[in-house]
Structures are given as structure tokens and as C-alpha cells.
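Working notes, structure below.
Just so it is clear, none of the values below were taken in a lab; they were calculated from the coordinates. This is a predicted model, so every value here is computed, not measured. For neighbour counting, all protein chains shown are included, and Cβ atoms are generated from backbone atoms with ideal geometry for every residue, glycine included.
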């Protein structure tokens, strides 16, 4: 039977299907690993409520563990505490940048907000310039927005802070 | 997927048998119906960015509906899951407010409807995230984060349309005037609310919610240089299953695949 560390090792090889450079562990969605005799229970939390990748991720986790000889795998979904991009660590942020996705800024505090947002320019992941503009608040997946760099003229994705 | 089950609305005089189930249906149906309405824009948005935005918001809302209806199914205890509740109920058993089923109309109607609902939804989630029902509080805290993003988007568009060209301003005002009569229902308080407050510790002060909502709406309407309607002849009925004719048409489209191929998976 695998130890908890070994299970985390396996999960570290399960990549986010939409952003295949960071693992589900780095993304912060693995909330718990429980091992009881031959059974492994992985608790995950969704990024966005409607994220269609969650089912894919669940299947990928199962496949990866079965490949390592764990046959009794349960994947449990919890909503609380709600996922935040603050759980993405510095190394994973650098991987996102290298992949061409600007990493998320700091998440907003809980509770209500002011409607007029203070816009801080998102640094370009390619040339690091701060001279960028927001092109679209929504992007190719629920977790991304689209910006354009005025310096290198490159459009790029931003991982939205949540 | 459970077996399809069809039922008609309970007679009005019957006390609410399972108020928490009923309450969760209201929350879930609001988001399911609005999410489907927004998805109708997919491929038809006025600009590419907005096409993506409306589809993304639809995805979030349908995600919230999925969590809420799954919880409703558990509470009901009849073996119905989120899919069974979404696809195998008739219009008369839907509990959404009328506002969210109003057809998309032009872009101004869609955006103003979205803004009026987002403002309500954010305030409601904020309150529900502190309620004593653990399952609902978790859904509320998660949905709140996503809806805040929607609210900023829709409120910025209301300002842009209202304070834009003569054409966009006229359409935004027309949308506000048309939709206003459907906003009263959002803050109605009835026996279901009393019962969930007593049994499930979900106590929402609708008057306080309404006044916070009005402050928020007034602020944006003012910045958009639009005029707040004064017509107070509010239309209601959705919470009891009395819907406009457009809900049935919408559900026919939404439910046809699931009903033609019950239990299908891919």
C-alpha cells in the first residue's frame, strides 16, 4: 500500500486538463488524502462551480492511482472552504508564467465589494511589461481573462484571482 | 439518473410539505433558468468578448444550480438527482422568479435583467453564507465569489449602455422600465421562508435585503444616467408555479435531449 506521501506524489503527476503545466495538488484543489487499509479517499474541491474539467480531473486521479496498484479509490467533492487562487504556490505561479498565463493576483477579501473595481495592470507573462490592457473579463475557460500587452503586442491569458 | 417523474403543482391550500426542499428549488431554479437564458446567447453575442462573457456566466449559474438541485434532491429523499430535477419537471413545478425567465430580448434587456438579478444574488449569498445550514452555507460562500465577478460585469455594462449613445440609452431605459415589475417578487416573504427559518435556521430578512438591493441599484442607475421606474404594479407568481408562457417554451428546448434519451451518458 502507498503511504500518504506516495499518494501525493502520484497526484502531483495529475495535471489540470485545461492548464497542463500545473498539477491538481499545485492548483490547490486536493484538500485531503485518507488511507484506510487498501482504500484511498481523495477529497477535492472544485475551482469554479460549473467547471467542466472537474469530472475529467476525478477520472484522471482514479486512473493514476489504479496505475500504481491502488484499486479502491474514492474521490469526494467538498465545497467548503471555497477554493481560492491564493492556494496556488509560488512555484506553480512561475510555471503558469512560463506557460504564457499571467498568474493570479491576491484574492479579494470575503464578503461584499465595491462595484467600481480598482484596475491594476497585469504584467505580461512574455516580456514582463506592465503596459497591458484588459481585452475581455472572460476567457477560454471559467478561470481566465484575456489581456493584451502594449509593449510586445502579444495577447495573453490571466488566471483570474478568486 | 433516476426514473423520470412527472408531477403537477400542489393545490394552493396544502401546507408546504418539505419547506427546505421548496426553498432550495427556488434558489436552484432561479439559476438554472437564468443560466439557460444566458446560454441562448452562445454564438449570438453582439461582440466576441460578450459572447464569451455570457456563456461563462451561464456556466457558473448552471454550476450553482447543479449544487443546489443536488442538495434539494438529497433533502427530498425520493432519489431524484440534479438532472432529474432539472430535466423531468414541468413548468408548473418550477419555482424560479419570473424575472429570470423573461426572454433575452435585445442585449440591453439581457444586461439589465442580469444586473438586477446579480445585485440580488450577491446580497442573498452573502447572507446565506452565514446561515446555519452547513450545506447551503458552503454553496453560498462559493457562489458569492463567482457572482461578485458577474455583478461587476453587468453593472459596468448598465453604466456603459445608459451613459452611451442615444440608441443604447433608450434601449437600456426601456429594458429597465419593462423588467422593473418583476423585481418585487425577489423579496417576497412567505410560509416557506418562515418554515426554513424555524426548521433549518435559514433566516433571511427580505426587507433588509430589499433596501440594500435598492441602494445598490439606485447607485448604478444614477451613474448610468437612467431613471428608476416608479411603477409599483409588481407581477409575481413564479415561486408558486404560476409562470409566464415563455418558461414552457424555454423548458421544451432545455429538456428535449434528456427526455428523448433518458439515462443517456457520454
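Overview of results
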| read-out | value |
| --- | --- |
| For chain B, the Rg and Dmax computed from alpha carbons only, in angstrom | 18.0, 54 |
| Sorted by Cβ neighbour density within 10 Å, fewest at the top, the residues A:26, B:199 | B:199, A:26 |
| Cα gyration tensor of region A:86-130 - equivalent ellipsoid semi-axes, whole Å, descending | 23, 15, 6 |
| Bridge type composition, the protein assembly as shown - antiparallel percent by DSSP, nearest 5 | 65 |
| Nearest 10 degrees, 0 to 90: helix B:134-162 Cα axis against chain B principal axis | 20 |
| Stretch gain in nm, segment residue B:232-residue B:74, where the contour uses 0.36 nm per residue and the Cα spacing is subtracted | 53.0 nm |
| For region A:4-77, alpha-carbon Rg over 2.2 N^0.38 Å | 1.01 |
| Compactness of region A:88-159 as Cα Rg over 2.2 N^0.38 Å, two decimals | 1.12 |
| Cα convex hull of chain A, projected area averaged across orientations, nm² | 10.0 |
| Cα pair distances of region B:113-266 binned at 10 Å [whole percent] | 10, 30, 33, 22, 6, 0 |
| Distance histogram in 10 Å bins (all Cα pairs of region B:44-102, percent per bin) | 20, 41, 27, 10, 1 |
| Compactness of the protein assembly as shown as Cα Rg over 2.2 N^0.38 Å, two decimals | 1.02 |
| Span from the region A:3-78 Cα centroid across to the region B:50-102 one, whole angstrom | 27 |
| Between 0 and 90°, nearest 10: helix B:19-39 axis offset from chain B longest Cα axis | 50 |
| Rounded to 10°, Cα long-axis angle of helix A:90-99 versus longest principal axis of chain A | 60 |
| At 0.692 mPa s and 37 °C, Stokes diffusion of region B:12-133 via Kirkwood alpha-carbon radius, µm² per second | 215 |
| Exposure proxy order (Cβ contacts within 10 Å, fewest to most) of B:251, B:32, B:212 | B:212, B:251, B:32 |
| DSSP-defined antiparallel bridges as percent of all bridges, region A:4-77, nearest 5 | 55 |
| Contour minus Cα-Cα distance for residue A:98 and residue A:77 (0.36 nm per residue) | 4.5 nm |
| Selected from B:78, B:174, B:255 as most flexible by GNM, with chain B as the system and alpha-carbon contacts under 10 Å | B:78 |
| Neighbour-count ranking [beta-carbon atoms within 10 angstrom, fewest first] of B:266, A:83, B:157 | B:266, B:157, A:83 |
| Within a Gaussian network of chain A (alpha carbon springs, distance under 10 Å), most fluctuating of A:115, A:96, A:36 | A:115 |
| Estimated inter-spin distance, residue B:188 and residue B:264, nm [label 7 Å along Cα→Cβ] | 3.6 |
